[in-house]
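The values are calculated or read from the model by the stated rules, or taken from the named source; none is laboratory data. Keep in mind that this is a model prediction, so the values were computed, not measured. Neighbour counts are summed over all protein chains in view; Cβ atoms, including those assigned to glycine, are modelled from backbone coordinates with ideal geometry. To get the accessible areas, we keep the full protein, side chains included, count just its heavy atoms, and leave off ligands, DNA and RNA. Shrake-Rupley method; radii C 1.70, N 1.55, O 1.52, S 1.80 Å.
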Amino acid sequence: MLLAMIGLLVGFSAILYGAFGLVADDGTAAETLAWLALPMQTVLGVAALIVGYVAIVGERRSGSIKLLLGLPPTRRAVLAAKILGRSAVVVAAVVSTFLVAGALSLAFFGSLPARSWLVLAVATTLFGLAFVGLAVGVSAAVSTRGRAMAIVVGLFASFVALWELIVAGPYYLVHGETPPTDAETWYLAVDGLNPIAAYAGIANDAVAGDVWPLQFGYGLREPEALTMTAAERYPGEAPFYLQEWFGAVVLLAWFAVPLAVGYVRFRRTDL
């Protein structure tokens, strides 16, 4: 898993920097860094889900979980070890990717926007961990690989392809119109619960407005709103939960809450 993830993410980074550094005559280090955040929203999310979704349910289906729990480790210890191991894989892959990206930035452009690079690296790490926590939590909560795969695929599809329908659809039914650019606070808050949108908000702030969430659109949102953060859409001083930095809290919640739910289910399950 570690070698595959490092190869995948570092490969994307090398291709991206090679394309911008060798082909794009007017490309800059900051612009290339912003483009690096775009594929991370899908590539890293999918990779993290693949790494985590069989963490525990795979042991249950093979029967090895009974042997493992016959030894000193408790169910809590097993879940903690699984999440630590999977998280370490994602963190190592992200760190390797950004180290390579930093080296390529210096090689091709002669500079590295250090603050943007560091903030984006931390945000990308949190984004990867959010999907690891989600996948391992689902793996602990269900009894078959098929269910685990169906749930994680369904959730990812909701984040990427169905979120506008899930959030803007009810708004349209209630108000009879699509959400305006300066929509109600509740709508902006709910829309920001998507981990992809949360990551894009942090990345957008880090690289000065060049990152947007990669999501399907169905015409239920104003085109202008697609490239604006929740804080920019709020009329006046935005509350703290609409600020870009709050995306880190959202990502941590996607890491912790599924794990907590999965642990409760795993602890009560008769294996």
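Report the residue count in the stretch 219-230 for those that are surrounded by 20 or more Cβ atoms within 10 Å (Cβ to Cβ) and either among the aliphatic types (A, V, I, L, M) or without any contact (Cβ under 8 Å) to a residue 12 or more places away in the chain (or both).
2
Quick one: what pairs do we get from the stretch 27-41, first residue closer than 14 Å to Val10 by Cα, second among the polar types (S, T, N, Q) and open to solvent by 10 Å² or more (accessible area, probe 1.4 Å), C-beta under 9 Å, 6+ apart or different chains?
Once the first residue is closer than 14 Å to Val10 by Cα and sits in the stretch 27-41, its partners that are among the polar types (S, T, N, Q) and open to solvent by 10 Å² or more (accessible area, probe 1.4 Å) give Leu33/Ser116; Ala37/Asn204.
Contact list please: Cβ distance under 7 Å, first residue in the stretch 245-267 and over 19 Å from Leu44 (Cα atoms), second residue not in a helix (DSSP H, G or I), pairs at least six apart or on different chains.
As it stands, the answer is Phe266/Ile56, since those pairs meet every condition given.
Could you say whether any residue in the stretch 204-215 is among the acidic types (Asp, Glu), open to solvent by 20 Å² or more (accessible area, probe 1.4 Å) and under 14 Å from Gly247 (Cβ atoms)?
Yes, the stretch 204-215 contains a residue that is among the acidic types (Asp, Glu), open to solvent by 20 Å² or more (accessible area, probe 1.4 Å) and under 14 Å from Gly247 (Cβ atoms).
Please find, within the stretch 181-201, the residue that is nearest to Thr42 (Cα to Cα) out of those that are touching a helix residue (DSSP H, G or I) at 6+ places or on another chain (Cβ under 7 Å) and open to solvent by 20 Å² or more (accessible area, probe 1.4 Å).
Ala197
Of the residues in the stretch 117-141, how many are open to solvent by less than 20 Å² (accessible area, probe 1.4 Å), of a type in the set (Val, Ile, Thr) and over 15 Å from Ala88 (Cβ atoms)?
Selection size over the stretch 117-141: 2.
Please state which one of Arg267, Arg233 is of a type in the set (D, E, K, R), surrounded by 15 or more Cβ atoms within 10 Å (Cβ to Cβ), at pLDDT below 90 and over 16 Å from the mean Cα position of the chain (by Cα).
Arg233
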